[in-house]
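The next block holds one structure in the form of structure tokens; read it before the comments.
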Amino acid sequence: MKTPSIKRAILASLVAMSLATTVAAQAAEGVQNIVLVHGAWVNGSGWKPVYDILTKDGYHVSVAEHPLTSFQEDTTAVKRIVDMQSGPTILVGHSYGGAIITDVGNDPKVVGLVYIAAHALDQGETEVSNGKKYPSATSKTPDIKKTADGFLYLDPTKYAADFAADLAPQQAQFEANAQELTAATVFAAPAGHPAWKDKPSWYAVATADRIINPDLERMYAKRANSHTIEIAGASHSVYQSHPEEVAALIEQAAKTAGAAR
């Protein structure tokens, strides 16, 4: 006779399988839910140009705000938004947001991942360790500062050159003074099982990125077998400076993720 605990485990497994089957069937018809995840030293408002394009084209778009206080707290905040989605979902991550979607993407609702100049870590990797293998231009400068309680930020006077060289000067200055300080610990958090090993992915390389080495971005994209585009001359703020190209890549993911599964 099966014990109650075994029965509960079997029931939970059946429910999970049923959800995965339903999500896959809906995804095959095209994905409508898109969740946008920001990176370090910014907040979700930077997604506004991409958000406007996607919503105009009929997609249901959510911008996941997370606190940048710890990797666990950040992934929990994004998972909360994924749980609110009504069906198959495309997860989009910029910069450190890529590390978040690599983890949260294991959720059965997620059917595709889109990396925008982002970290697509493998199990056990950290952003710090990969950054040492592929140093970024900014990492070779003293522009990254640290508060007494362990939060990192970019020197506001250097922010435009490092993070947003292709934005209008006034906008870059605003971004510099509105940047969200980020716990240093998030960059040293080792990745768990990467969702990109099980689900299709898309990647946009920013060729003039000074925050993440473009060659590291290319390595991530190649390793994940991502559908890849390169946006010439784009800074780390590529999702703001080139919203049309970024939105087109996300829509490609939404239209084909089901078929790619």
Somewhere in the range 170-180, is a residue under 28 Å from Gly233 (Cα atoms), open to solvent by 40 Å² or more (accessible area, probe 1.4 Å) and either touching an Asp or Glu at 6+ places or on another chain (Cβ under 9 Å) or among the β-branched types (Val, Ile, Thr) (or both)?
-> no
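Looking only at the range 137-148, filter to residues that are part of a loop (DSSP other than H, G, I, E, B) and touching a helix residue (DSSP H, G or I) at 6+ places or on another chain (Cβ under 8 Å); which one of those is surrounded by the most Cβ atoms within 10 Å (Cβ to Cβ)? Quick ask: steps written out before the conclusion?
Within the range 137-148, the subset part of a loop (DSSP other than H, G, I, E, B) is 137, 141-143, 147-148.
Of the ones still in play, those that are also touching a helix residue (DSSP H, G or I) at 6+ places or on another chain (Cβ under 8 Å) are 137, 141, 143.
Numbers: Ala137: 16, Thr141: 14, Asp143: 19.
Among those residues, the one meeting the criterion is Asp143.
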Residue identified as in contact (Cβ under 8 Å) with a residue 24 or more places away in the chain and not charged (D, E, K, R) among Pro49, Pro67 = Pro49
Taking the range 205-245 as the region of interest, how many residues are buried (at least 18 other Cβ atoms within 10 Å of the Cβ) and either touching a Lys or Arg at 6+ places or on another chain (Cβ under 7 Å) or among the small types (Gly, Ala, Ser) (or both)?
-> 10
Within the range 206-261, count every residue that is without any contact (Cβ under 8 Å) to a residue 24 or more places away in the chain and charged (D, E, K, R).
-> 2
Looking at the range 112-131, is at least one residue buried (at least 24 other Cβ atoms within 10 Å of the Cβ), farther than 21 Å from Gly46 by Cβ and of a type outside the set (Ser, Thr, Tyr)?
-> yes
Search the range 44-78 for residues being closer than 22 Å to Ala164 by Cβ, over 15 Å from the mean Cα position of the chain (by Cα) and charged (D, E, K, R), and hand back the single one that is most open to solvent (accessible area, probe 1.4 Å).
-> Lys48
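Quick one: count up the residues across the range 79-103 that are assigned to a loop (DSSP other than H, G, I, E, B), in contact (Cβ under 8 Å) with a residue 24 or more places away in the chain, surrounded by fewer than 24 Cβ atoms within 10 Å (Cβ to Cβ) and of a type outside the set (Ser, Thr, Tyr). Before you say what the answer is, go through the steps one by one.
Initial filter on the range 79-103 (assigned to a loop (DSSP other than H, G, I, E, B)): 84-88, 96.
Checking the rest, the ones that are also in contact (Cβ under 8 Å) with a residue 24 or more places away in the chain come to 85-88, 96.
Keeping just the survivors that are surrounded by fewer than 24 Cβ atoms within 10 Å (Cβ to Cβ) gives 85-87.
Adding the requirement that they be of a type outside the set (Ser, Thr, Tyr) leaves 85, 87.
Going through the range 79-103 one residue at a time, the tally reaches 2.
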Can you tell me which residues in the range 196-229 are part of a helix (DSSP H, G or I) and either basic (Lys, Arg) or within 22 Å of Pro67 (Cα to Cα) (or both)?
-> Lys197, Arg218, Lys222, Arg223
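The values are calculated or read from the model by the stated rules, or taken from the named source; none is laboratory data. Computed from a prediction, not measured in an experiment: that's the story for all the values here. Positions of Cβ are generated from backbone atoms using ideal geometry, with glycine treated the same way; all protein chains shown enter the neighbour counts. Surface areas here come from the heavy atoms of the whole protein model, side chains and all, with no ligands, DNA or RNA. Shrake-Rupley method; radii C 1.70, N 1.55, O 1.52, S 1.80 Å.
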